[in-house]
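Reading through the structure tokens given below for one structure.
The values are calculated or read from the model by the stated rules, or taken from the named source; none is laboratory data. Being a predicted model, the structure only gives us computed values, none of them experimental. Virtual Cβ from ideal backbone geometry, glycine too; neighbours counted across all protein chains shown. Areas reflect the complete protein model, heavy atoms only, side chains present, ligands, DNA and RNA absent. Shrake-Rupley method; radii C 1.70, N 1.55, O 1.52, S 1.80 Å.
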Amino acid sequence: MNFPVVNMERTGQNIASLRRQHGMSVRQLQDMMGFSTPQAIYKWQRGETLPTVDNLVALSAIFAVPIDAILITGA
């Protein structure tokens, strides 16, 4: 059985795209997420890490999209 695998790079590109579509700077998203620094957001956008489940829930609410519209699966 094949399970979907999250593509970290494409997911990061998608987060950056959603942020831009909503007219937000990284700093604005950082403030909305309650982060003291923007490093986590930059790491997501570069595909180095993925948001935690609670951060995915927050991003889903901020961007008004379901979580599966944030995560990109496949190669």
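Here are a few things to note about the model shown:
Matching residues to (1) part of a helix (DSSP H, G or I); (2) loosely packed, with under 12 Cβ neighbours inside 10 Å:
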position	(1), (2)
Arg10	yes, no
Arg27	yes, yes
Ser36	no, yes
Thr49	no, no
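- Residue among Met33, Met8, Met1 that alone is hydrophobic (A, V, I, L, M, F, W, C) and more than 13 Å from the chain's Cα centre (by Cα): Met1
- Pairing each residue of the stretch 58-74 that is at positive phi and touching a residue at least 60 places away in the same chain (Cβ under 8 Å) with any residue that is in a helix (DSSP H, G or I) and open to solvent by 60 Å² or more (accessible area, probe 1.4 Å), provided the two are 6+ apart or on different chains, yields C-beta distances under 9 Å for Gly74/Arg10.
- Failed item in (1) open to solvent by 80 Å² or more (accessible area, probe 1.4 Å); (2) within 12 Å of the chain's Cα centre (by Cα), with Ile72 passing the rest: (1)
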